[in-house]
Amino acid sequence: MEALITVLPGDGIGPEVCSAGTEVLQAVATKYGHRFEYSEQLIGGAGIDAEMDPFPAATKSSCAESDAVLLGAVGGPKWSDPNATIRPEQGLLALRAAMGVFANIRPVKILDELAEASPIKRDRLNGVDIVVIRELTGGIYFGEKTRTKDSASDLCIYHRHEVERIVRVAANLARSRRGKLCSIDKANVLESSRFWRDVTVTTMEAEFADVELEHMLVDAAAMHLINRPADFDVMVTENMFGDILTDEASMLAGSMGMLPSASLGESKCGLYEPIHGSAPDIAGRGIANPCGMIASTALLLRHSLGLDDEAADVEAAIRHVISAGVRTADIAGPGDSPVTTTEMANAIIQQLR
Ligand code: IPM
Ligand code: MN
């Protein structure tokens with residue numbers, strides 16, 4: 001097949017992991033006889049530096065014409081003055097809004113071999129296989145903001161259709177797995193959470209009576225994620241709770257560097273990015289773990305291009321290389337000699353061939 005993919009390297013380690021990602025996509029194209037074209041564009045700090053715009057018009061139109069978008073990371077100390085009016089993160093939020101990708105899917109699955117890399121005790125990790133569905137284009141991230149000299153506010157607002165559509169995504173996924181959905185909120189305090197809970201219940205009763213629904217308060221969820229992570233299957237939650245809980249959940253997998261994400265909307269064109277950030281502390285040294293990005297390319301192949309076998313092939317290659325003991329610094333144990341970003345990517349590509 002032919003596909004056009006917009007590639008947004010962004011900042012920090014973004015460009016390093018992005019080139020690993022596109023090389024893997026190229027290896028897949030060669031192996032299976034596909035033709036992928038790439039349109040590299042600016043986002044985040046890179047956009048600010050070049051054009052004073054974290055989401056330039058050319059980036060927006062390229063994404064609109066593409067079959068999928070692959071993103072590295074945005075942000076870094078260079079642009080992090082809290083008083084700055086233009087910030088890299090605005091580019092990512094504008095991109096998510098422009099693409100209408102309201103459902104952020106963050107799978108947290110633990111490779112047995114990496115259990116030692118996790119700060120959590122090994123016995124807690126057996127059988128952990130969670131998918132967090134984070135609402136991505138609403139809530140406090142996008143509500144009205146105010147600022148005066150002596151006060152500031154961020155509005156957390158959800159509309160019925162926004163809750164309904166994210167619950168549908170999560171419930172459909174739950175149906176294809178253990179038939180169990182856990183909705184996370186703060187309904188004991190927040191009105192927006194009580195609304196979220198009501199709409200969730202109504203939607204589930206009307207359309208997903210076969211899926212078991214549980215509600216959990218976000219503070220308790222944060223605790224149970226560490227205490228008994230294997231009990232979770234599909235979790236659905238609002239934008240900011242999902243942001244926080246997925247960083248926490250990533251530690252179960254040993255390193256944020258391992259985890260992919262897919263952001264999907266009504267159209268086939270999704271946004272794919274590793275869940276890690278720009279990691280300015282290690283940027284430019286070629287030591288970042290490209291596995292989260294490479295796993296994100298697998299999600300791209302599956303969800304936007306419908307190439308299920310190719311996606312499974314990439315995921316199997318990652319698992320194989322990790323089983324063979326190849327480790328970047330973030331997942332290396334005391335006895336391992338860590339490989340570089342390129343070496344890890346090449347090992348995965350070699351396995352694919
Ligand atoms: C993420 C990031 C972003 C978010 C930032 C960079 C705006 O933390 O993708 O999780 O908060 O959504
Ligand atoms: Mn985050």
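Assorted remarks:
- From most to least packed by mean Cβ count within 10 Å, the peptides 21-27, 145-151, 320-326, 131-137 give 131-137, 21-27, 320-326, 145-151.
- Computed over protein heavy atoms with a 1.4 Å probe, the accessible surface of region 197-352 works out to 38 Å² per residue.
- Accessible surface of region 119-253 [probe 1.4 Å, protein heavy atoms]: carbon and sulfur percent: 54
- Sorting 70-79, 96-105 by average packing, meaning the other beta carbons within 10 Å per residue, from highest down gives 70-79, 96-105.
- Cα centroid of region 26-52 to Cα centroid of region 103-148, whole Å: 26
- Accessible area (Å², per residue) of region 83-170, counting only protein heavy atoms and a probe of 1.4 Å: 51
- Calculated SAXS-style log₁₀ I(q)/I(0) at q = 0.09, 0.10, 0.13 Å⁻¹ - the chain, Debye, Cα scatterers: -0.48, -0.60, -1.05
- Mean separation of Cα contacts under 8 Å, 6 or more apart, over the residue count of region 233-323: relative contact order %: 24
- Dividing the mean sequence gap of close Cα pairs (under 8 Å, 6+ apart) by how many residues region 119-253 holds gives a relative contact order of 39 percent.
- Compared with the direct C-alpha span, the chain from residue 31 to residue 111 gains 26.2 nm at full extension, assuming 0.36 nm per residue.
- Scaling against 2.2 N^0.38 Å puts the C-alpha radius of gyration of region 5-62 at 1.25.
- Computed lengthening from residue 244 to residue 123, 0.36 nm per intervening residue step minus Cα-Cα distance: 41.2 nm
- FRET E, pair residue 98, residue 202, Förster distance 30 Å, beta-carbon r, rounded to 0.05: 0.50
- Ranked packing of 221-234, 37-50, most packed first, by mean Cβ within 10 Å: 37-50, 221-234
- All-pairs alpha carbon distance profile, region 204-353, 5 Å steps from 0, percent: 2, 8, 14, 18, 18, 18, 13, 6, 3, 1, 0
- Pairs of Cα atoms farther than 18 Å apart, region 119-253, %: 55
- Report summary: the helix-based calculation at 222 nm, which adds -39500 (n - 2.57) for every DSSP H run with n ≥ 4 and divides by the residues of the chain, gives -13000 deg cm²/dmol.
- For a label point 7 Å along the Cα-to-beta-carbon line of residue 58, residues of region 25-43 with backbone N under 19 Å: 37-43
- Between residue 86 and residue 340, the FRET efficiency from the beta-carbon distance, with R0 = 25 Å, is close to 0.15.
- Surrounding net charge for residue 336, when Lys and Arg each add one and Asp and Glu each subtract one, Cβ distance under 14 Å: -3
- DSSP-defined beta bridges in region 171-321 - what % are antiparallel, rounded to 5: 30
- Antiparallel content of DSSP bridges confined to region 119-253, in %, to 5: 20
- The chain, relative contact order in percent, only Cα pairs under 8 angstrom and at least six apart counted: 22
- Rounded to 5, percent antiparallel among DSSP beta bridges of the chain: 35
- Summarising the amide proton neighbourhood of residue 108: residues at separation of 5 or more, or on other chains, whose placed amide H is nearer than 5 Å comprise 130, 131, 132.
- Zone residues, region 169-185, relative to residue 212, backbone N less than 14 Å from point 7 Å out along Cα-to-Cβ: 174-175, 177-183
The values are calculated or read from the model by the stated rules, or taken from the named source; none is laboratory data. Being a predicted model, the structure only gives us computed values, none of them experimental. Note: ideal-geometry Cβ built from the backbone for every residue, glycine included; neighbour counts use all protein chains shown. These area figures cover heavy atoms from the full protein model, side chains too; ligands, DNA and RNA do not enter into them. Shrake-Rupley method; radii C 1.70, N 1.55, O 1.52, S 1.80 Å.
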